[in-house]
Each structure stands twice: as structure tokens, then as C-alpha cells.
Amino acid sequence: MLNCAILDDYQGVATTLADWSPVRDRVALRTFRAGFATQDALVEAIAECEIVVMMRERTPFPAALLARLPKLKLLVTSGMRNASIDLAAAKARGITVCGTASGSEPPVELTWALILGLARRVVPEANALRAGGWQTSVGADLAGRRLGILGLGKIGTRVARIGQAFGMAVSAWSPNLTVERAAEAGVALAPSKADLLAGSDVVSIHLVLGERTRGLVDAAALALMQPHALLINTARAGLVDGPALQAALRDGRIGGAGLDVFETEPLPADSPWRSLPNLLALPHLGYVSEANYHTYFTEAVVDIQGFLDGAPVRVIG
């Protein structure tokens, strides 16, 4: 029997949303619902495991960690892209890294939950109603306003279509976006990032985090936004300068922000993100849905089965 650890199973559903019977006779499963405070604690928990199943980028696997796990032979991540795994170090140590499919619909839907929640002040009004109040604010309209999208990939394109369905004008910009690609999605190409930020009532970020995009929305970028504008980030925290956004929210320089991603996750109890005004924050739920989780864990079983049979599938790197 090989030992398999399933990490960061926050909801405790990893073994119920997939059929693990194809590998149960060859693999002993152990699930961990909480993260580990230190690398030492993680190593102690999984040192005897030949297989580890990880959820997105919740627990990083840098070279230093991989070096402390000599028994590890297979690392399975949800999705086919995971920047928190040192793929070169894994390859050098003979560790196979596999991934799974991941649907783009859940983060699209959550993006719009944040936009609508902010625009119509859903949380404050729901809280006021529970406290005995009734109609304490006036919501913002979306029809006739402009939605600006940073990053027009699969998710950004879907977000754009929904904005159009709400009657919004939609513009997009990214470092490599062309007029032709924007036209295919039926949106206007903003002349520059500055133009998009200055002219949009809602700005939604859907870029891949990399050297060119880290901190793309910084203090100078935020200063271009209109006082009523909303900023939405369901992509990666590193795309936005966190302290600069905190300051903009505290000072009321933008209308509000909807965030699903943070540099440190889970958030510390004393994090300022927990108490900022005009912020609708969620605990990184963008990809957390029944359909996605079913796909993740079902395909993780397939990856493990293939590895055991000598034919690993969906190999990354």
C-alpha cells in the first residue's frame, strides 16, 4: 500500500465527491482539512507519503520542501497550472506532477456575485434587514455603465458577455491584447491600461500572474479610477498592490472593491482586509463549486491510477 495525503480539504468533501474505489486497494488515503502553520509541521504529517493531492495553490511546494520529502513520487494538483510548485525541482527528484481539468464557469459566476453584491449593497442591506432595518441605501445601476476587463482570456471573455447582457459597454486591455482578439469577443480594445481604468465604472481583473503583471494595479493605477468605480479581483492577489488598495478604500478614493484572493491565505484574524470599508471579501471561493470539485478529485483518482499502472496522465512540466 502506498500512502496518499489529500491536503487542504477545507470542506471535508474530497472522498465523497469522487469515487476512490479504483485505487483503494493500493492506496491508503489520509485527508487534512486545515493547512499547516510551518513547513516542519507539513513535513511531519506527510513524510511517509508517496502521493500527495493538493488543492490549487493553497500549500506551496518549493524546492526546499520537495527536498525534505524523499518518499514523494507523485504530486497531483487541481488544474493544469500551479505556480506554487517548483516543477524543475520536482523533475530533478523524479517526482511526477499531474493536474486535472478545471472549469472556468465558477470563477465567472463568482465575479458577478461580487459585482452585483457591491453595486446593490447586498450584504449591508441583508444585515440591516436582520437588525430590523428597511431600505437603508440606494444601489448603483449597471445598465448603461462601462465594464473594464483586465485580461480577456477564457474567464475575462465570459465576464464580458454577461456584462453585455446587463446592458453594459465593455472594454478590455492586457499587455498582449490585440484589436482583432478584442473584436472576436465583441468588446472594445482600450488604448491603454490608464484609459481603461479612468473610463470604467467597474474594473474586473482576469490576468495570469507573472513578472510582467505583478503589481499591475498599483497606487498610480488606482488614482486613475473614478470615485464611484468598483474594483474586482478573482484572479491572483499579486496583480494588485495590496497596501495601495487598502489605502484607497480607507480614504474613500474608489467606490469599493470585491476580492476573492489574498497574498496570505487563509487570512490572519487581524488582517485589515477583514474590516475595511467598502470591501466585499470572500475566502477564495472562485473555483470552489460542486462541479469543479467533482472534476478535481475524480481526475486526481485517474492520475493516481495511471501512475500506479505506469502510464501517468495529464503530466505537467
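Each reported figure results from applying straightforward, stated rules to the coordinates on display, with no laboratory input. Computed from a predicted model, the values in this text were never measured in an experiment. Every residue, glycine as well, gets a Cβ built from its backbone with ideal geometry; the counts of neighbours run over all protein chains shown.
As an exercise, use a Förster radius of 22 Å and the Cβ-Cβ distance of A269 and A83 to find the FRET efficiency, rounded to the nearest 0.05. Before the final figure, lay out the partial values.
Values: r = 26 Å, r/R0 = 1.20.
The pair A269/A83 has a calculated efficiency of 0.25.
On a 0 to 90 degree scale, rounded to 10, what angle separates helix 154-165 from the longest Cα axis of the chain?
For 154-165 against the chain, the angle is about 30 degrees.
Along the Cα-to-Cβ line of E105, 7 Å from the Cα, sits a label point; which residues in the stretch 5-48 have backbone N less than 19 Å from it?
17-18
For R181, R30, which order do you get if you count the other beta carbons within 10 Å of each Cβ and list the fewest first?
Details: R181 16, R30 13.
Ranking R181, R30 by Cβ neighbours within 10 Å, fewest first, gives R30, R181.
Taking the Cα atoms only, what angle lies between the long axis of helix 105-119 and the longest principal axis of the chain, rounded to 10 degrees?
30
Per the helix-only calculation at 222 nm, which mean residue ellipticity applies to the chain, given -39500 (n - 2.57) for every DSSP H run of n ≥ 4 and division by its residues, nearest 500 deg cm²/dmol?
On the way: 12 runs with 105 residues, N = 317.
Calculated mean residue ellipticity at 222 nm is -9000 deg cm²/dmol.
Please list 3J(HN,Hα) in residue order for the stretch 184-197, calculated via the Karplus relation 6.51 cos²θ - 1.76 cosθ + 1.60 where θ = phi - 60°; whole Hz, with x for glycine and proline.
4, 8, x, 10, 8, 7, 5, x, 7, 4, 4, 4, 4, 5
How tilted is helix 290-308 with respect to the longest principal axis of the chain? Cα atoms for both, answer in degrees (0 to 90, nearest 10).
30
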